Amino acid sequence: MECPECRGKLNGAGNSYTCAECGVNWQVDFTCNVCHETPEMDSHCGSVSFFCKSCKKLKSRETMEKTFTRNS
């Protein structure tokens, strides 16, 4: 994912990410790109996947809609 401020690479997992370029910490909230519901997040061995109960489909982080909130 890209930092919404400087377009640097975001590093992290779950909902917490930090920009490698500008150092800003972000909370990222994910919603389904089809039904706009909040999916269940499942994390195994550092990998995160999402399951949308409404659509009944497994979703990737790349296809989800993202809302970025800057953490202070």
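No lab work stands behind these numbers, since they all come straight from the coordinates. Owing to the predicted nature of the structure, the values given are computational and were not obtained by experimental measurement. Positions of Cβ are generated from backbone atoms using ideal geometry, with glycine treated the same way; all protein chains shown enter the neighbour counts.
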Which order do Met64, Met1 fall in if you start with the one that has the fewest other Cβ atoms within 10 Å?
Met1, Met64
Please sort 29-35, 54-60 by packing, taking for each peptide the average over its residues of neighbouring beta carbons within 10 angstrom, highest first.
29-35, 54-60
Quick calc: nm separation of the 7 Å Cα→Cβ label points for Cys6 and Cys55 -> 3.2
